[in-house]
Amino acid sequence: MPQRSIFSRLFKRKFIFSTLLPECFFITILMKTPAIQKLQLERRIISGAARDIASIELKLMLEAAKLGMTAFRNNHCDGALSVGAIITDAQYQIIATGYSREWDSLPDDPRPHAEGIAIAKALNKLGDNAPRLGDMRGSPMVVEPRKRTVLPEGCIIFTGIECCRRRTQSTSCAERALRAGISNFVVGMREPNTLVEQCGIEYLRAAGAKPTQRISPEIYAFVCAANPHITFPPFEQCII
Ligand SMILES: [Zn+2]
């Protein structure tokens, strides 16, 4: 029996040398070819870039969620959401921010939401000869005709809670953002269906935009703390 075992081992060794080693040698040579090395490098760069993008977007989403807390602390309103919004350019440089009830009104909106305020600021900031709106409380009393009505390509809007789709008094935030040329939407959580029917994300998808979710326990905690009147589902169930 031991002889058989030795034979078996020798056979295996022979099999390895005769069959697998040449293949391993061939694969090793292939892996060192410039084309494969370039492909491997590109893959590393892409996966690294994806990690970087996720990390940057999570940080910006956290800031948007904190702005929601600012809305809650500064000007809490019973029954209304406290949300924060941030608009960046394609390189993630912040253009404008907004939070619920930061301004009392806009010329085309008697009760602007966080996204509407951020969009108005961004449009005016990037417009030629745009009036300085400042960051003071209250609406910009005089808004001159805007030179720019659409933001530069690639702008991104971050909102702690998805943009609303339906409003009775004014244009919804989702529609307002699309009209402003924003096609990149990063959302923290869905709007609870206790307030309105959840449809902001579906509307954006139907319009050709690709909303992305960035959520973490910290972001979730800020959004919940800013809206204590709402019962949000557990964190695990908030993943879209
Ligand atoms: Zn809204």
*HN-Hα J couplings of segment 96-106 from phi, Karplus 6.51/-1.76/1.60, θ = phi - 60°, integer Hz, Gly and Pro as x?*
7, 10, x, 9, 3, 6, 5, 10, 6, 7, 10
*How would you rank 238, 77, 155, going from fewest to most other Cβ atoms within 10 Å of each one's own Cβ?*
77, 238, 155
*How much net charge surrounds residue 210 when only the other residues with a Cβ under 15 Å from the Cβ of residue 210 are counted, with Lys and Arg +1 and Asp and Glu -1?*
-2
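Relative to the present Cα-Cα distance, how much length would full extension add between residue 37 and residue 205 at 0.36 nm per residue of separation? Spell out each step's value before the answer.
Working: separation 168, 0.36 × 168 = 60.48 nm, distance 3.74 nm.
That pair, residue 37 and residue 205, stretches by 56.7 nm at full extension.
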*Which net charge results when you count Lys and Arg as +1 and Asp and Glu as -1 among the other residues whose beta-carbon is under 12 Å from that of residue 62?*
0
*For residue 90, what charge total do you get from the other residues with a beta carbon under 15 Å from its beta carbon, if Lys and Arg give +1 and Asp and Glu give -1?*
-3
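Since every read-out is calculated from the coordinates, none of them should be taken as a lab result. All figures in this text were calculated on a predicted structure; none of them were measured in a lab. Cβ: placed from backbone, ideal geometry, glycine included. Neighbour counts: every protein chain shown.
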